[in-house]
Amino acid sequence: MQLFVCLRGLVIMTMNVKVDMVNPCGLMKLVKPVSVTLVAGRDLSQLKTLPKPTVPPLKRTCKLYLSFLETFLQPEELNHTKKLVEEFLIPGGVGETLQKGLERRACNTENWITDAYLKYECLKRKPLVILLNFAILCTRKDIRDKQGQIRFHVCMFCSGTLPVEYMRGKPLCMKQYEQVFSSCRIPGAKTDFLLFDKSSNPPKNITVVHNGQFFLLDIYNSDGTLLTVDQLCVQLERICNSSLQTNVDPVGILTTQRRDVWSKSYISLMQDETNKESLSAIESSILTLCLDGPMSPVSDERMCRKAAFFQMLHGGGSQWYSGNRWFDKGLQVIIGEDGHRGINCGHTVADGTVFMAICDHAVETPNVIQTPSDPLPMPQKLHFNITPEIKQDIEEAKQHLDTVVQNVDVEITVFDHFGKNAIKARKMSPDAFVQMAIQLAYYRVYQQCCVTVEPASLRTFRLGRLAVIRPTSSASVAFVKAFDDPNKQRLYRSKETMEAMSGQDIAEHLIGLMCQASEKNIPEPDVFTDTSGVFHLSSKTGCLTCNTLDQPGTYDVSYSIMDSHIDCRVSSIEASNTCKEKDPARLSRALEDALLDMMTLLEETPRVKP
């Protein structure tokens with residue numbers, strides 16, 4: 001068996017920095033300090049110097065909300081929404097009550113936006129796999145001999161620390177990097193909570209899963225030093241040799257179920273002491289390393305990347321490696337025997353930009369060869385006592401997952417006509433250019449404009465996460481509708497980007513108000529709505545995101561804009577028992593045409609002298 005291992009570095013970044021975790025809305029449970037992090041203590045010292053976000057004025061948010069909807073709603077629909085907003089803004093009414101409550105929370109917490117976001121996310125009862133977790137597919141490594149495979153992937157994540165990041169000269173909050181490790185989402189009957197460390201001592205082990213069997217691997221020597229590359233290779237080969245059987249009950253597949261269903265199975269498992277110890281070991285470990293076998297061989301490179309995409313996102317289904325996971329973990333490193341590698345991430349733990357930075361940093365790290373030292377004890381195998389009831393739960397989880405997997409479609413392409421350099425040469429923002437191309441492609445396919453959503457970082461604030469940019473506007477709609485008009489020579493970039501990044505976004509404000517309504521047992525006002533659409537994460541090394549698909553009937557478009565090409569992925573999920581309305585391949589082709597046509601337009605447009 002050929003072994004692909006990707007490890008040392010993600011866990012070797014233990015800087016012994018304790019985490020002073022927040023407890024927003026009682027959802028993030030701190031048991032003990034977490035000591036595993038990517039950043040040095042001096043980096044975290046900047047946390048208190050970052051500002052706290054303020055709450056936007058309620059009338060301003062409602063005005064922006066209506067302005068955004070004017071582009072898409074029919075007159076009668078817009079009039080109905082205006083009436084709802086007017087009722088919401090009545091002096092002394094529910095809107096004013098929720099606004100005052102949110103302003104009080106903002107004064108008493110580090111970051112009211114993050115508080116509301118975490119509560120909103122942990123209340124979701126959807127399955128984590130596909131719908132809430134996301135994944136990153138790293139570039140494939142083709143190594144011919146076994147030892148080369150082992151050493152490369154062990155060394156792939158070797159690194160030291162990540163420096164403090166800056167945006168337009170402002171330092172960014174680095175707190176999320178330390179939340180990635182030793183984190184786990186725990187299922188609850190009505191709401192989940194996040195666990196970061198259950199032991200009295202900092203965690204010193206990872207969990208490794210192979211053929212659906214879990215092992216606890218200590219990554220430290222007795223003298224406190226980290227295992228060398230050779231030592232890790234020995235331990236991982238021991239694990240694979242001890243888990244050759246493939247007919248075990250894959251307990252990990254229970255984490256793919258709906259949260260209310262999984263919480264009942266979780267309670268049943270916890271009633272057994274052996275199961276309780278195994279669950280505790282998985283939850284408190286630094287991360288989970290998933291060692292997969294090969295996927296079904298295909299000769300076409302496009303289908304090969306598609307299979308790798310699914311392997312990172314959901315494991316391929318119950319007949320492949322979906323049971324070789326623990327989707328509740330904040331970070332899962334996934335390595336396949338055929339060279340595909342990546343991570344599956346808990347979005348509640350940290351944002352995609354943080355995980356992408358980890359992957360980019362790891363991929364760029366040179367190999368380090370070390371010699372082994374002390375002899376090592378055998379890794380500890382974790383055992384589960386499977387009752388007939390749990391066995392039935394596992395079978396139901398398999399059926400549920402396979403149904404969801406069948407409804408996911410994806411098209412992965414490499415647009416190699418031009419990239420970042422050519423766009424910048426025309427004095428254009430590469431991201432704005434691609435965003436407009438997406439809107440143009442959708443309009444050409446469906447003869448209607450789409451609502452697009454893109455993230456903006458709020459890490460310039462203390463404990464900041466993400467805001468939402470809505471590139472679609474009346475100006476962008478006018479652009480795509482009049483694109484073939486030769487007089488239309490300007491591309492539009494909404495000023496909403498800067499407003500969102502300043503903590504004044506519509507969606508975050510409405511989510512905060514919605515959480516206030518929940519806490520005060522106030523019926524949710526009709527004005528609260530949710531939208532979804534385009535998401536963008538950029539990688540410098542060619543890693544490709546596999547984002548969440550939490551809204552059936554919508555597209556998810558991910559792209560990485562490289563110097564001379566653009567990596568694109570278009571995916572969709574349809575509800576069960578419905579006809580397929582979305583066609584990622586068709587939209588992907590339309591996107592390629594739109595990119596080419598827009599560049600042609602720029603090349604034909606005379607440059608404007610400054």
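What to note about this one:
- Potential lengthening between residue 564 and residue 378 on full extension [0.36 nm per residue; Cα-Cα distance subtracted]: 62.2 nm
- Once divided by 2.2 N^0.38 Å, the Cα radius of gyration of the range 276-333 becomes 1.32.
- Full-stretch length increase - residue 391, residue 170 - with 0.36 nm per residue and alpha-carbon distance subtracted: 74.3 nm
- Residue 303-residue 124 FRET efficiency (beta carbon distance; Förster radius 25 Å; 0.05 resolution): 0.20
- Legend: residues 416, 351, 338, 583, sorted from most to least accessible area (1.4 Å probe; ligands, DNA and RNA excluded), read 416, 583, 338, 351.
- Extension gain for residue 82-residue 474 works out to 139.3 nm (0.36 nm per residue, less the C-alpha to C-alpha distance).
- The listed residues 349, 55 rank as 55, 349 when sorted by accessible area, largest first, using a 1.4 Å probe.
- Pairs exceeding 22 Å between alpha-carbon atoms, taken from 100/170; 119/329; 124/329; 52/119: 100/170.
- Taking all protein chains as they are arranged and a probe of 1.4 Å, the heavy atoms of residue 414 leave approximately 80 Å² accessible to solvent.
The values are calculated or read from the model by the stated rules, or taken from the named source; none is laboratory data. Worth saying up front: this structure is predicted, and the values here are computed from it rather than measured. Reconstructed Cβ throughout: ideal geometry from the backbone, glycine too, with neighbour counts over all protein chains shown. Just the protein is used for accessible areas: all its heavy atoms, side chains included, with ligands, DNA and RNA removed. Shrake-Rupley method; radii C 1.70, N 1.55, O 1.52, S 1.80 Å.
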